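The values are calculated or read from the model by the stated rules, or taken from the named source; none is laboratory data. This one's a predicted model, so the numbers in the text were calculated from it and none came from an experiment. Quick reminder, even Gly has a Cβ in these numbers, built from the backbone with ideal geometry, and neighbours come from all protein chains shown. Ligands, DNA and RNA are stripped out before the accessible areas are found, and what is left, the full protein with its side chains, is counted by its heavy atoms. Shrake-Rupley method; radii C 1.70, N 1.55, O 1.52, S 1.80 Å.
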Amino acid sequence: MQTSGPSVAEILASHESGSGSPTKTAARVADAIAARGGDGTWITPVPRDRLLAAAAEIERRPGARTLPLYGVPFGVKDSIDVAGWPTTLACPDFAYTATETAPAVQRLLDAGALFVGKTNLDQFATGLNGTRTPYPIPRSVFGGNMISGGSSSGSALAVALGEVPFCVATDTAGSGRVPAALNGIVGWKPSRGLISTVGLVPACKSLDCLTLMATRIDDLDRVFDVIAAEDPDDPWSRPRGASFGGGPIRVGLPPESELEFFGDEPVRAAHLAFREQLGRLGFDRVEIDSKPFFDAGELLYAGPWVAERLVEFDTFLSEHPDSVLPVIREILNTGYRFDAIDVFRAHQTLQRLRSVVARMWSGFDVVVMPTIGTTFTVEQVLADPIATNTVLGHYTHFGNLLDLTAIAVPVGTTSDGRPASAMVFGPALADDLVLSVAARILDEPRAVHDDTPTAAPTLRLVQKETR
């Protein structure tokens, strides 16, 4: 099981009161990372002396204790630039030292957050399993040689191990949600464009999202308030949607017959038991047709989007084929088989499905499905890397293609001790609503604003209702 460390709020309270300090926190984090050794969580952790020096610099800032993330440690997936540090994408021959910091990360640094290092990932952010790395292969905190999930494998582990309270990661097809599910934490893919992707080495630029991992919704809220901003240099940038002001929430649920657990009875039983709790949590349950969602998901790897990865990696793959892991090379090479007709055909199909799904939202507010239908060991994935990876993305692939906001939420464990995770998703810009649903599932009170134009802004806590 994970050993969650202090939350963002707890760290801030300690630093602001003087009972702790950024340098004390930095020492704790450095000790925790050193104690684990080369466990596959970090590719480039900040050395202890430099981490302590950075924490001391934060303490010396004018008005330091009023900074919204004063001395709060965090990790960054190693596909996102931080000036002065290597960006490797888990491919040593591709690595370069960044000269500029991604704007999203810079906002965190300006808010007083403490950069701890770059986390491990599936090479070129291609994969959902966490085994596709030349660095040590990370394992889930739940043990049993279970995969960590990917591609944001190290980010999920750093949070689940309690080394940092949050990480900045990415999600193109579930890369921020699958590892969160496999490590018992929350992984949130905000609506595309709310967090700038400038400074991210893209996987599929039209689908990529920067994501956040944490153990609490309150931590996500605090970090998102800092990191979210419109960026004129990001062509997908857009403003945040309205806040959720309270009221009934209709949760869409696929019929049990439309859910796939790949023969994993304990995961099936855990998810169905969780579904039974939704009514007692005060949600209105609505049966939905899940076929349009899954039809969209099948386009991701059956369609030409894999070719979009070649926009970034074509030259490197051609010039340095032996520097790329064989499974990644095999996947990238499939992109060459698509032509322009395939691209337009797929985009037309996707637009039709987007239209269908857009009309469906009138009947419900959010949808709840499993985050993953089963788990795998490292050996199982290495024995059949393509098929197992496809299974892991069954419930997540459609999220980016359909422009949804989605969060993986831990909902206990299976009868044999593995993590159970549910995914809550909604339409683009319904982020605050999705977070509110996740907070209620986690029994975490959450402050929300009433944005209705006829009322003065009010702040209140959403409490669980019993029906």
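Inspection of region 202-212 finds a residue satisfying the criterion of being small (Gly, Ala, Ser) and over 27 Å from Tyr70 (Cα atoms). When Leu353 is tested against (1) in contact with a Pro (Cβ under 6 Å, 6 or more places away or on another chain); (2) within 17 Å of Gly393 (Cβ to Cβ); (3) open to solvent by 50 Å² or more (accessible area, probe 1.4 Å); (4) not acidic (Asp, Glu), only condition (3) is not met. Scanning region 271-300 for residues that are under 22 Å from the mean Cα position of the chain (by Cα) and farther than 30 Å from Gln351 by Cβ yields His271, Phe274.
Considering region 1-64, the qualifying helices (runs of 4 or more DSSP H), each wholly inside and each with 1 or more residues that are touching an Asp or Glu at 6+ places or on another chain (Cβ under 8 Å) and hydroxyl-bearing (Ser, Thr, Tyr), run over 22-36.
Put simply, of Gly297, Gly263 the only residue that is surrounded by 15 or more Cβ atoms within 10 Å (Cβ to Cβ) and either within 23 Å of Val381 (Cα to Cα) or among the aliphatic types (A, V, I, L, M) (or both) is Gly297. Set side by side, the residues Arg280, Arg285, Arg250, Arg268 differ, and just one is more than 18 Å from Phe425 (Cβ to Cβ), open to solvent by 70 Å² or more (accessible area, probe 1.4 Å) and touching a strand residue (DSSP E or B) at 6+ places or on another chain (Cβ under 9 Å), which is Arg268. Is at least one residue of region 134-141 without any contact (Cβ under 8 Å) to a residue 60 or more places away in the chain and of a type outside the set (Ser, Thr, Tyr)? Scanning region 134-141, I find no residue that is without any contact (Cβ under 8 Å) to a residue 60 or more places away in the chain and of a type outside the set (Ser, Thr, Tyr), so the answer is no. Evaluate the following for Glu276: is it farther than 22 Å from Thr396 by Cβ and either free of Cβ contacts under 8 Å to residues at least 12 places away in the same chain or in contact with a Leu (Cβ under 6 Å, 6 or more places away or on another chain) (or both)? For Glu276, the condition - farther than 22 Å from Thr396 by Cβ and either free of Cβ contacts under 8 Å to residues at least 12 places away in the same chain or in contact with a Leu (Cβ under 6 Å, 6 or more places away or on another chain) (or both) - is met. Which of the residues belonging to region 192-218 are within 17 Å of Val409 (Cα to Cα) and either among the acidic types (Asp, Glu) or open to solvent by less than 10 Å² (accessible area, probe 1.4 Å) (or both)? The answer is Thr211, Leu212, Met213, Ala214, Ile217, Asp218.
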